[in-house]
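Engineer: Below are the structure tokens for one structure; questions will follow.
The values are calculated or read from the model by the stated rules, or taken from the named source; none is laboratory data. Given the structure is predicted, the values throughout are model-derived calculations rather than measurements. Don't worry about glycine lacking a Cβ; one is built from the backbone with ideal geometry, like all the others, and counts go over all protein chains shown. Areas reflect the complete protein model, heavy atoms only, side chains present, ligands, DNA and RNA absent. Shrake-Rupley method; radii C 1.70, N 1.55, O 1.52, S 1.80 Å.
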Amino acid sequence: METSSNYSPGLEGIVAGRTTISEIDEARSSLMFRGYDIRDLATKSTYEETAFLLLNGRLPDAAELAAFESRLKAERGVPGEVIDLLGKIPAHAHSMDVLRTGISLVGLFDPEEWDGSHDANIRKAERIIAKMPTLVALGYRLPHRMKPVEPRDDLPHAANFLYMLLDKEPDGPKGRIFDSSMIIYAEHEYNASSFAAHVTVSTLSDIYSGITAAVGTLKGPLHGGANEEVMKMLIDIGEGDKAEKWVMDRLGRKEKIMGFGHRVYKHGDSRAPILKEASKEVCEFDGYCHWHEIAVKVEEVVKREKGLLPNVDFFTASIYYLMGLPIETFTPVFAMARAAGWCAHVIEQLDDNRLIRPASEYVGQRGLVYKPVGER
Ligand code: ACO
């Protein structure tokens, strides 16, 4: 079958927009948010400061950061009706599906839902970023018939989430490492979920619809869902000395190893080495490096056999598991961190909107003669 010259399956290599939010330099395996290196942000910034940067295009001064943090704290709660409705969700529901429903529900209670101006979108973005961790914690606790844990004003964004989910504060370096993982997850250019948000709001739909579409898109195991699959794989392997055979069997069956490969990075995902270090630091703090060691063994075998390197979702699995997060919250955690990037993309799209409507190449039949159903 002949194809037109500009058709690219999966839109690979197609430039679908211009952005000032983030830049991937594939050749150098580097990633910049608004011009700042992710390695600096992950080690020196906080999630709140990075979210301000993504939304506003510049770093805040001290007063702006303090005001931004206060606004986020004030917006952490969700309406009682949302809690009541999420409480009716069946226990078997996956946390990511609950989050998708939760963010859509919260939009119904936002008085500015239909105001698509830049300033209203910034205000709504702050509410979304503030409420997503609460929705993730509720989205796990309520279907599991656990009592909600109220947000705490004295804790920063990341530590407060861990507190609301686990009903205890993070110890040692865990709050900082979790915060750093959220910075790393916060933004990544025109990935599938951000692009879904662009497409949705390009019809002049609202920001909540854009974020709901993005959550649904992130869920799949070829995208954000991979971090949960990685942890299931490490558990299935069970012991470091079984990793080699497990990976070889899987590759022999031509199956993919989750947490490896990337559409854009072909020389390694810039974020993975930072997370590998973090995984080591958490396990050494806990004195239990079982999962980290299996992960490192898997990494060695996949690199040797396929030349593939880990992506962002590989080492977050062992980090989050050791912190006590239930596996089904791993992708929702990715989503609540990515909320800052998604909102920045929605705002960038709407600030200079053009309906996104690509073309397709018709490869079906032509000229068929219609016969009424009784004559077929
Ligand atoms: N394990 C084994 N082989 C792989 C893997 C993998 N994880 N990833 C790619 N390959 C192989 C493919 O089998 C294919 O080989 P072939 O040419 O012999 O058929 C080749 O590499 C190209 O792979 P594609 O899937 O066509 O490349 P694409 O750019 O579409 O894939 C993707 C990118 C989807 C991320 C892929 O690498 C993958 O499925 N990885 C596993 C899932 C995963 O970790 N997703 C998270 C990505 S990061 C994120 O979204 C946040």
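Engineer: What pairs come up if the first residue lies in the range 157-186 and is in a loop (DSSP other than H, G, I, E, B), the second is not hydrophobic (A, V, I, L, M, F, W, C), and their beta carbons are under 8 Å apart, counting only those six or more places apart or on different chains?
Structural biologist: Filtered contacts from the range 157-186: GLU169/TYR163; GLU169/GLY175; PRO170/TYR163; PRO173/GLU281; ALA186/TYR47; ALA186/THR50; ALA186/ARG338; ALA186/GLY341.
Engineer: Do you know which residues across the range 135-158 are open to solvent by 10 Å² or more (accessible area, probe 1.4 Å) and closer than 15 Å to PHE334 by Cα?
Structural biologist: Hit for the range 135-158 is TYR140, nothing else.
Engineer: Quick one: GLU328 ticks every box in (1) in a helix (DSSP H, G or I); (2) exposed (fewer than 14 other Cβ atoms within 10 Å of the Cβ); (3) acidic (Asp, Glu) except a single one, so which number is it?
Structural biologist: GLU328 satisfies every listed condition except (2).
Engineer: Please tell me if PRO151 is under 25 Å from VAL82 (Cα atoms) and without any contact (Cβ under 8 Å) to a residue 60 or more places away in the chain. Break it down into steps so the answer makes sense when it comes.
Structural biologist: On the way: under 25 Å from VAL82 (Cα atoms): yes; without any contact (Cβ under 8 Å) to a residue 60 or more places away in the chain: no.
Here the answer is no, as PRO151 does not meet what is asked.
Engineer: Going by what's in this entry, would LYS280 be described as open to solvent by 40 Å² or more (accessible area, probe 1.4 Å) and either within 12 Å of the ligand (Cβ to nearest atom) or more than 26 Å from LEU31 (Cα to Cα) (or both)?
Structural biologist: The answer is no for LYS280.
Engineer: Failed condition for ALA130, given (1) farther than 22 Å from PHE52 by Cβ; (2) away from the ligand (no atom under 16 Å from the Cβ); (3) among the small types (Gly, Ala, Ser), with all others met?
Structural biologist: (1)
Engineer: Inspect the range 62-73 for any residue being touching a helix residue (DSSP H, G or I) at 6+ places or on another chain (Cβ under 7 Å) and not in a helix (DSSP H, G or I) and give the result as yes or no.
Structural biologist: Checking the range 62-73: not a single residue is touching a helix residue (DSSP H, G or I) at 6+ places or on another chain (Cβ under 7 Å) and not in a helix (DSSP H, G or I).
Engineer: Which pairs do you get when a residue that is touching a residue at least 60 places away in the same chain (Cβ under 8 Å), found in the range 245-267, comes within reach of a residue that is in a loop (DSSP other than H, G, I, E, B) and within 8 Å of the ligand (Cβ to nearest atom), reach meaning Cβ atoms under 8 angstrom, with the pair 6+ apart or on two chains?
Structural biologist: Listed by first residue and then by second, the contacts come to ARG263/GLU12; TYR265/ASN311.
Engineer: Name every residue in the range 256-275 that is within 12 Å of the ligand (Cβ to nearest atom) and either open to solvent by 70 Å² or more (accessible area, probe 1.4 Å) or over 24 Å from the mean Cα position of the chain (by Cα) (or both), in order of residue number.
Structural biologist: Within the range 256-275, LYS256, ARG263, LYS266 meet the criteria.
Engineer: Okay, moving on. Residue by residue through the range 54-92, note down the ones that are open to solvent by 20 Å² or more (accessible area, probe 1.4 Å) and more than 25 Å from ILE183 (Cβ to Cβ).
Structural biologist: Within the range 54-92, PRO79, GLY80, GLU81, ILE83, ASP84, LEU85, GLY87, LYS88, ILE89, PRO90, ALA91, HIS92 meet the criteria.
Engineer: Which one of LYS168, LYS174 is among the charged types (D, E, K, R), away from the ligand (no atom under 16 Å from the Cβ) and touching a Phe, Trp or Tyr at 6+ places or on another chain (Cβ under 8 Å)?
Structural biologist: LYS174
Engineer: If we keep just the residues of the range 17-35 that are assigned to a loop (DSSP other than H, G, I, E, B) and at pLDDT 95 or above, which is farthest from CYS343 (Cα to Cα)?
Structural biologist: Looking at residues that are assigned to a loop (DSSP other than H, G, I, E, B) and at pLDDT 95 or above, I get GLY35.
Engineer: Would you check which residues across the range 214-244 are more than 16 Å from the ligand (Cβ to nearest atom) and assigned to a helix (DSSP H, G or I) and list them?
Structural biologist: Within the range 214-244, ILE235, GLY240, ASP241, LYS242 qualify.
Engineer: Going by what's in this entry, would GLU126 be described as open to solvent by 10 Å² or more (accessible area, probe 1.4 Å), modelled with pLDDT of 95 or more and either in the same structural domain as GLU69 (by TED's automatic domain parsing) or within 19 Å of TYR208 (Cβ to Cβ) (or both)?
Structural biologist: yes
Engineer: Tell me which residues, restricted to the range 292-307, are out of contact with any Cys (no Cβ under 7 Å at 6 or more places or on another chain) and more than 16 Å from the ligand (Cβ to nearest atom). Show your work before the answer.
Structural biologist: Our first condition is that a residue be out of contact with any Cys (no Cβ under 7 Å at 6 or more places or on another chain); within the range 292-307, this holds for 293-307.
Scanning the range 292-307 gives GLU293, ILE294, VAL296.
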